Each structure stands twice: as structure tokens, then as C-alpha cells.
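Working notes, structure below.
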Amino acid sequence: MNPKGLIWDAIKEATRLIVASYNDAFLSDFADEFDSYWSKTEGGKNIVSLLSPGGVSRKVSLWCSTVHYYLGDDDAALENWLRNRFPGNKEDFRFTTASHIVLKRPILPSEYPKSGAAVLRFLRELAPESIEQLEDAAEAADDKFTVSFEGCTDDGPVLFAIEVMPPNKRGMKAGRRPNMVQKGFRPGKVPTHIRMQRLFGGNKVERHEVVRADPSWIHGRDTPTVAPLFDKRVLMVGAGSLGSEAALLLAKTGVGSITLVDPEVLDYPNVGRHVLGVAEVRTYKAKSLAEELARRFPHMRSIKYFNEDWQTLYGKDPEVFHNTDLIVSTVGSWEAEGRLNQLARNEPDFPPVIYGWAEPFSVAGHAALIGSDGPCFACGMDHFGSTLRAICEWDTKTTRKQPHCGASFQPYGPVSLSGVAALVAKTTTKALLGEMTPGTEAVYWASKDEIVEQGGRFTREFLNFFPDVPEFGGTRQLEWRRKGDCAFCGGG
Ligand SMILES: [Zn+2]
């Protein structure tokens, strides 16, 4: 007789019964609190997971730094992330294989495994089809191996992971131990139940904590609109104050591929309105902004840059323009944008273009989405490249002379410019998601007070078109009208 053992068995049985009676509501509550129950054991690590939940059980790629573990779908995806995240790191990353197993539900505290056998126990119930995969992983493992789990709940997935230690004798070094699985049998003749016992027996299991760093989690905690945006590609012509802010907003929103084209070098007076700062002065805007985006969003699928104007780039590599879903031009130069408009209309299969610009002092802004047919960009412009439908007008000149060199510039503040950048970014995501049709213009205006303060007022045309202009500012979509005698598209 072993009274202690009997009591212990009774407790275990009682626990099993309680577990069996857990209903869905309980499981859902528990899943909400999963992180406060599951904690890493002494040898456990923090795992940064780049895996997109919602897939199937599969082999994945693992990189172990001295501090953390990183999990990615494959070596290439993981390496891309690590290069973005640790740009100074020149070492060759050595990846190992790990298993990712999708469970019907997260495991309960009573099921937390301490041994290999306990892992098999919950797998038999929650993912029996994955046992073979785990068996392969165990046999291929030279030493310990990592398994990450995705437990499905009504409120989304719960992620956790373990490390299964090798079934070796205490104190025996990895690689020197005898083949514990094979022992006593001829090769290939180990009965399955004995092999499983040996691979998943009393061998120890460590617990790891998993944090998600995948796009769906980063860009809105699994909001459904994130995935379609992540597959989209945007080419930004211009990475100045407006272009850089719009690019940053697009990256934050979760657009997965951004290419930056700009020939200019950042200068001190740019810094007050640009995403980049003094540390990047005298570097190319396109290159430094690409690096900044990569540092901030290492999971992005692609971030490219070209330190040249778009015409030069197009001359060398027109495919860059064709292999994108949308072009966003913020260069604000009629010379450059008039040519882009011409190319966009003449070249077959050219992607749609959004032309974004700010009016003086950024108290108003425009984002016009132009397709390959319908009105062209020039349809809304006069011969000098000024918009036919300005929102504000001014009695005095709005440009100021720059001392020393005689160049003129348009003064505007970073706060009001952010309204225009938001307009351009919002129009871009709408166009990418098919929520806005080409031949549409989105406009933004600041409060009437702000416009008056800068010495401006609404144009008569804008007031005629839209008499109930809100005094506190707003946005609106308008039709980009075709001009009958357009020099570019002939209006036809
Ligand atoms: Zn036209």
C-alpha cells in the first residue's frame, strides 16, 4: 500500500474530471488569460514569432541568439527579418528546424507538459494528425528541439512553445550518447510504440514564452483588413516631407512592399518636416527612409530604394514601375508629374497613379487617383500645372525667398502637413483595397480659422461646389473631371 500515491492518483483523477467538464465559455475565458497562466520555466526562452497564425501544422525555421529565439516560416523569411532588425549584424545566421503545431484549443494548466510523454498525451486529443510530424522532428534532432503551438480560440490564436530535451542519460553529452531509440533492435525494426516511448518518455520539457511579431498582429491585432494590404506593392515617387510621412503611414497601416524613388539628399531645413532627422542629413532621402522603415517594420515583405529621379530609373528599369500595384507621386513638380502622366497614359498596363500635393501653408491638400482611362492628371490642371480646383486662394504671394541663394520656397508647418500626408495615405489604402475608383480626387482642408490666419480664404469655385464647407476642416471625395481640350489625353 502507498497511501500518498493513492491520494495523488485520486487528485489526478479529480483534475481529469474537472478538465473534462470545462465548457466552451470557460475555455474562452481561460484563453483570454492564457499569458498569465503560461510562463517560461527556468531554462525557457522568449520566442519572437514571425509566423502568421491561421495556417496548418508545419516545419518552420528557428534562429537562436544568446538571448532570444526567433521563429519564421522559412530560412529566407527569417533571414530577411533578422537583416532588417539587426542591420549591423554581419554574421551568417545559422538556422535550425522547429515544429509548429496547430491545436484545437490551448492546453489547460493541468496539461502543461513536464515530460515528452505529457506532450504526446495532449497531442492525441488536440492534434493527432501532427504526431507523425513531431516524431520526425524528434528523430532528426541531434539534441533538444523546439515545438511551437497555436491553440485556436473564438477570439483568435494563443501561441506558446516548448523545448523537448533529448532522451539521454544524465551527464552524457549530446552527440556522444548511444542511439537510445535504436538500442536493442535492428535498424528500422524498433516497434512504433517502443520508439515513441523512447522519444517521448520521461525526457524533460522546458516551457518558452512566445510573443507575436507577425504583420497581422503588429498592424492591428488581427484586424481582417491587414492581410490584403500586406500583399500590396506601392512605388513612392518622391520621398520628401509629404512623401516620407505618407510612406511611414502606409508602412504603419501594413502595406507590405514599398519602393522609394528620390534623387535628393536630406538637408538641415528639411528635418523639421521630414520623417528623417539630423542624423540622416547629407544622406539620400530614399536610402535612409528605406533603412528607417526596415528598422521599424522588419517584417515588411520588401523595402527598396532608388537614389535617382523617376525618369532615370524608368529609362534603366521600367519593370520597377510595372511590378507595382500603385504609384504615389508627391514630387509636386509639374515638369516631372506632367511626364509621368504622359507615360502612364501611353504605356500599356501601367498601374494607376495617385498624385498628392499640398496647397500653400498645407492648409489644404489633394490626392487624385488617375487610371489608364478616364480623365488624365492634366485634365484637372491649367497650362502651368496649377490645379483648376484649388481649395484656397491668397491675395499675397505665398512663396518666400531663401536668403543666400535666391531660391524660393513655400513655407508650411509640420502639423498641417500631417493632414495632407494622412489624406494621401488614406487615399492610397482605399485605392489598394478597391474602395476608390480611378478618376476620383480626395481633398482635405484645415479649419477656416487656420486658413484665415495664414491670409487665405476658400475659393469661390470650391464654395460653389461645396457650399456647406465645415468650418473646422474636413475631407471629401470629388470627381476628377475630364477636360474637353486636354493637351495630354484630348479629353477623349
Ligand atoms: Zn487629360
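Some notes on this structure:
- Within segment 475-490, restricting attention to residues that are basic (K, R) and in a loop (DSSP other than H, G, I, E, B), the residue that is farthest from the ligand (Cβ to nearest atom) is R481.
- Selection count where residues are at pLDDT 80 or above, small (G, A, S) and over 43 Å from the mean Cα position of the chain (by Cα), scope segment 181-216: 1
- Just so you know, in segment 94-124 the residues that are touching a residue at least 60 places away in the same chain (Cβ under 8 Å) and in contact with a Cys (Cβ under 9 Å, 6 or more places away or on another chain) include one that is nearest to F34 (Cα to Cα), and it is P106.
- Criterion violated by E91 - all others in (1) free of Cβ contacts under 8 Å to residues at least 60 places away in the same chain; (2) touching a helix residue (DSSP H, G or I) at 6+ places or on another chain (Cβ under 9 Å); (3) not basic (K, R) satisfied: (2)
- Residue count for segment 353-379, restricted to those that are assigned to a strand (DSSP E or B), among the β-branched types (V, I, T) and more than 11 Å from the ligand (Cβ to nearest atom): 2.
- Extreme residue, nearest to S148 (Cα to Cα), among residues of segment 51-102 that are crowded, with 16+ Cβ neighbours inside 10 Å and among the acidic types (D, E): D73
- Search result, residues across segment 433-474 that are of a type in the set (V, I, T) and either modelled with pLDDT of 90 or more or within 16 Å of the ligand (Cβ to nearest atom) (or both): T437, T440, V443, I451, V452, T459
- F321 being touching a strand residue (DSSP E or B) at 6+ places or on another chain (Cβ under 7 Å) and under 16 Å from T440 (Cβ atoms): no
- The number of residues in segment 435-459 that are among the charged types (D, E, K, R) and either buried (at least 20 other Cβ atoms within 10 Å of the Cβ) or in contact (Cβ under 8 Å) with a residue 60 or more places away in the chain (or both) comes to 3.
The values are calculated or read from the model by the stated rules, or taken from the named source; none is laboratory data. Bear in mind that the values here come from a model prediction, so they are computed numbers and not experimental data. So basically every Cβ, Gly included, is an ideal-geometry build from the backbone, and we count neighbours across all protein chains shown.
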